[in-house]
Amino acid sequence: MDIHCLSLHQIKELLKKREISPVELVRQQLEIIHEKNKLLNAFIHINDSCIEQAKQSEQRYIRGEFRELEGVPIAIKDNICTIDQPTTCASKILKGYISPFDAHVIENLRNSGAILIGKTNMDEFAFGSSTENSAYGPALNPYDTTRVPGGSSGGSAVSVAANMAFGALGSDTGGSIRQPASFCGVVGLKPGYGRVSRYGLVAFGSSLDQIGPFARDVRDASIIMKIIAGYDERDSTSCNIPVADYEKELEKPLDKKNIRIGIPDEYFGEGLSKEIRDRITNIIDCLARDGFHVERISLPHTSYGIPTYYIIGTAEASTNLARFDGVKFGYRSKNSKTVFDLYTNSRGEGFGKEAKRRIILGTFVLSAGYYEAYYLKAQKVRSLIIRDFQQAFQSVNFIITPTTPETAFKIGEKAINPLAMYLSDVFTVNANLAGIPGINLPAGFSSDKLPFGMQILAPAFKEAELLSFAHYIEQNYTKE
Ligand code: GLN
């Protein structure tokens with residue numbers, strides 16, 4: 001049996017029945033990761049010493065004291081702080097940096113017995129949609145290695161798609177979980193803002209960032225979500241709203257007649273690949289025949305999402321990245337005579353091209369004289385986008401859209417054209433601006449055998465309902 005191809009819940013069962021030992025499992029996974037990583041470059045750091053943890057897990061199984069994810073290998077995006085492995089954000093400026101503390105989600109995973117098998121490749125500081133902006137070279141799409149895996153959490157998506165890990169964490173500021181999940185054919189959930197603590201996530205856009213799971217199926221995503229979600233006083237935007245047992249919720253039957261699904265016209269227009277449109281429309285038709293109520297809706301400010309996101313996102317990024325100055329931590333340029341030189345040389349040498357572009361754009365939109373015209377205006381438009389969703393959710397429970405307008409693009413295809421790259425986020429950024437949860441559910445394959453997904457959006461704090469609905473679609477329509 002190819003154990004590494006099993007889902008997380010299946011591997012949990014095998015471990016529980018003691019049909020496989022955590023030590024065997026971790027050893028095997030490390031071998032697979034080392035082998036596959038030569039080609040796919042999904043991991044920046046492989047945690048070979050986690051075998052020690054696996055031995056402890058083994059003892060726990062022997063004593064019958066095993067926890068929810070005891071001995072299960074999980075991959076972590078390299079912008080989530082871990083005390084025992086480097087956290088570099090795939091940037092030269094943080095090369096070799098080891099955080100003095102664990103992120104909240106990492107504490108939770110450790111307490112659940114998960115084995116943190118390595119840190120995954122990403123666009124530098126999560127700026128990008130292809131993982132090409134990594135200081136450690138691009139990660140590749142396992143379905144076609146001439147193509148990108150998406151980004152910025154490309155390495156995490158690849159780790160799950162290529163069976164290197166049984167689940168992974170990523171972060172999503174404008175689509176960085178859902179878009180690579182779509183390109184790699186896996187489930188990816190961006191929780192609503194405030195649902196998962198950002199403590200220990202290296203900040204990109206603090207009003208947009210959320211950590212979430214990548215998984216082989218919806219059940220696995222629910223299991224990981226249950227572990228990482230919840231209140232944390234160290235994140236001032238963390239919400240104290242009870243966390244459901246997301247996995248258990250999946251078993252409850254859906255009240256189909258009372259579930260209303262909105263299909264926004266704005267997400268099915270020009271620029272969407274015909275194959276993706278046809279397949280998602282087909283799934284929507286099935287849902288209607290099945291007894292769900294389906295209706296067309298409008299989210300009129302959708303097209304303002306990209307400019308609004310790229311103003312607010314870069315403004316927040318430029319502020320957040322001010323801390324990397326060559327003094328407090330990370331890379332320090334040699335031979336600088338003055339403090340000013342030290343700052344500029346360290347930042348000039350340490351940051352990659354896209355990070356510099358974002359810092360310059362963000363500083364510009366916040367600068368005196370331009371603040372009102374750009375940043376303030378973007379905040380006002382953000383309110384309109386929030387209102388669009390609030391109005392829509394008065395009449396529907398979920399919104400279904402494509403996750404991406406096309407399947408994975410070729411490496412290098414958009415790298416020279418930042419605007420084309422930014423436009424690949426057109427269907428994902430608005431959920432971040434509105435703070436609502438969204439999931440990518442694998443929906444099918446194109447004629448050239450590339451996966452793509454559908455996106456389901458739900459109102460804030462409705463992750464349990466969202467996962468249950470996605471699970472229903474997965475079990476009935478999209479699972480091979
Ligand atoms: N691709 C988007 C960007 O480059 C989103 C990135 C993200 O969600 N971290 O900003």
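The values are calculated or read from the model by the stated rules, or taken from the named source; none is laboratory data. As the structure is a prediction and not an experimental result, all values here were calculated from the model. Counting neighbours? That spans all protein chains shown, and the Cβs are built from the backbone with ideal geometry, glycine included. What goes into the accessible areas is simple: the full protein's heavy atoms, side chains included, and nothing from ligands, DNA or RNA. Shrake-Rupley method; radii C 1.70, N 1.55, O 1.52, S 1.80 Å.
Per-residue answers, yes or no, for (1) open to solvent by less than 30 Å² (accessible area, probe 1.4 Å); (2) at pLDDT 95 or above; (3) more than 30 Å from the chain's Cα centre (by Cα); (4) hydrophobic (A, V, I, L, M, F, W, C):
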{"site": "Ala315", "(1), (2), (3), (4)": "yes, yes, no, yes"}
{"site": "Gly326", "(1), (2), (3), (4)": "yes, no, no, no"}
{"site": "Gly330", "(1), (2), (3), (4)": "no, no, no, no"}
{"site": "Asp341", "(1), (2), (3), (4)": "no, yes, yes, no"}
{"site": "Asn345", "(1), (2), (3), (4)": "no, yes, yes, no"}
{"site": "Gly352", "(1), (2), (3), (4)": "yes, yes, no, no"}
Subject >> helices (runs of 4 or more DSSP H) (entirely within region 401-480) containing at least 1 residues that are acidic (Asp, Glu) >> reply: 463-473
Subject >> Count - residues of region 258-281 that are loosely packed, with under 15 Cβ neighbours inside 10 Å and modelled with pLDDT of 95 or more >> reply: 5
**OP:** Kindly provide the set of residues from region 114-148 that are in contact with a Ser or Thr (Cβ under 6 Å, 6 or more places away or on another chain), open to solvent by less than 10 Å² (accessible area, probe 1.4 Å) and away from the ligand (no atom under 13 Å from the Cβ), ordered by number.
**Re:** Thr120, Asn121, Ala139
Subject >> Qualifying positions in region 217-253 - out of contact with any Asp or Glu (no Cβ under 6 Å at 6 or more places or on another chain), touching a residue at least 40 places away in the same chain (Cβ under 8 Å) and more than 22 Å from Glu474 (Cβ to Cβ) >> reply: Gly230, Asp232, Arg234, Asp235, Thr237, Cys239, Ile241
Original post:
Among the residues of region 88-110, which ones are out of contact with any helix residue (DSSP H, G or I) (no Cβ under 7 Å at 6 or more places or on another chain), open to solvent by less than 10 Å² (accessible area, probe 1.4 Å) and either in a loop (DSSP other than H, G, I, E, B) or among the polar types (S, T, N, Q) (or both)?
Top reply: Ser99, Ala103
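Let's see how each residue does on (1) modelled with pLDDT of 95 or more; (2) out of contact with any strand residue (DSSP E or B) (no Cβ under 9 Å at 6 or more places or on another chain):
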| residue | (1), (2) |
| --- | --- |
| Asn417 | no, yes |
| Leu423 | no, yes |
| Asn430 | yes, no |
| Pro437 | yes, no |
| Leu441 | yes, no |
| Phe445 | yes, no |
| Ala460 | yes, yes |
| Ser468 | yes, yes |
Subject >> Sole exception among (1) in a helix (DSSP H, G or I); (2) of a type outside the set (Ser, Thr, Tyr); (3) more than 23 Å from the chain's Cα centre (by Cα) for Ile20, by number >> reply: (1)
